[in-house]
Amino acid sequence: MLQRFGRTGRERAGFVHVLLAEEREEFNLEKARLTYKEVQRAISRGDNLEFYSDVKRLLPDHIKPLPLERIMEIKPYVREETSK
């Protein structure tokens, strides 16, 4: 069984260590990597994306949202020590 692993959204660099059984799990990991690359390629190309025009609008017609660009200050995360 192959589970998701990664470091998405982390501020610091890091490593992921994977312990695999020979052959079957190695094959599954490589297959998952190739599938991931294919999906990312398809998303970036965008030629296979299909948008549906028959979906009802979620917001009422009188509400017209506008994008707002802001610079956000992100404070470093400090982990609190917990007693065990």
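Between a residue in the stretch 32-60 that is without any contact (Cβ under 8 Å) to a residue 40 or more places away in the chain and surrounded by 10 or more Cβ atoms within 10 Å (Cβ to Cβ) and any residue that is of a type outside the set (F, W, Y) and part of a loop (DSSP other than H, G, I, E, B), which pairs come within a Cβ distance under 7 Å, given they are 6 or more apart or on different chains?
A32/L2; A42/N48
Examine the stretch 53-67 for a residue that is touching a helix residue (DSSP H, G or I) at 6+ places or on another chain (Cβ under 8 Å) and either closer than 30 Å to V16 by Cβ or assigned to a loop (DSSP other than H, G, I, E, B) (or both), and state whether such a residue exists.
Checking the stretch 53-67: not a single residue is touching a helix residue (DSSP H, G or I) at 6+ places or on another chain (Cβ under 8 Å) and either closer than 30 Å to V16 by Cβ or assigned to a loop (DSSP other than H, G, I, E, B) (or both).
Could we say that L20 is at pLDDT below 85 and surrounded by 10 or more Cβ atoms within 10 Å (Cβ to Cβ) here?
Here the answer is yes, as L20 does meet what is asked.
The values are calculated or read from the model by the stated rules, or taken from the named source; none is laboratory data. Treat the numbers as computed from the prediction; the structure is a model and nothing was measured. Cβ coordinates were reconstructed from backbone atoms using ideal geometry, including for glycine residues, and neighbour counts include every protein chain displayed.
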